[in-house]
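Okay, so here's the structure we're looking at.
Any read-out appearing in this document is the output of simple, stated calculations on the displayed coordinates, not a laboratory observation. Predicted, not measured: the structure shown is a model, and the values here were computed from it.
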C-alpha cells in the first residue's frame, strides 16, 4: 500500500486509523471514536483489523461497513 492508496482508504473509511506495519509486513486499521457495544461486537464489528494482503485488508474494511449498515 503506497501513500496514495492509504489516503484513498482513509478518505473512504474516516472512522478508522489506517496504516501499513512494515516490521510485520501487514496492514492494520484501528477504529476511532467510542468503544463498541456488546451488540456491535456480537454482530461482528471489530476495533482492530490486521491482514497480510492489501486485498484482504480492503475486503475486511468493506465487511465492517456492511455490518454497520445492517445494524
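Rounded to the nearest 500, the helix-only mean residue ellipticity at 222 nm of the chain stands at -13500 deg cm²/dmol, with each DSSP H run of n ≥ 4 adding -39,500 (n - 2.57). Compared with the dominant Cα axis of the chain, that is its longest principal axis, helix 54-70 is turned about 20°. What the pair-distance distribution of region 3-70 shows, using all Cα-Cα distances binned every 5 Å from zero, is 4, 16, 29, 27, 14, 8, 2, 0 percent.
Let me check against my output: what whole-number percent is the relative contact order of the chain, with C-alpha pairs under 8 Å and at least 6 apart? Could the numbers behind the result be given before it?
Values: 76 pairs, mean separation 17.6, N = 71.
Taking the mean separation of contacting Cα pairs over the length of the chain, I get 25 percent.
Among 39, 20, 31, the residue with the largest mean-square fluctuation in a Gaussian network model of the chain, with springs joining Cα atoms closer than 10 Å, is 39. Counting only alpha carbon atoms, the long axis of helix 3-12 and the longest principal axis of the chain meet at about 20°.
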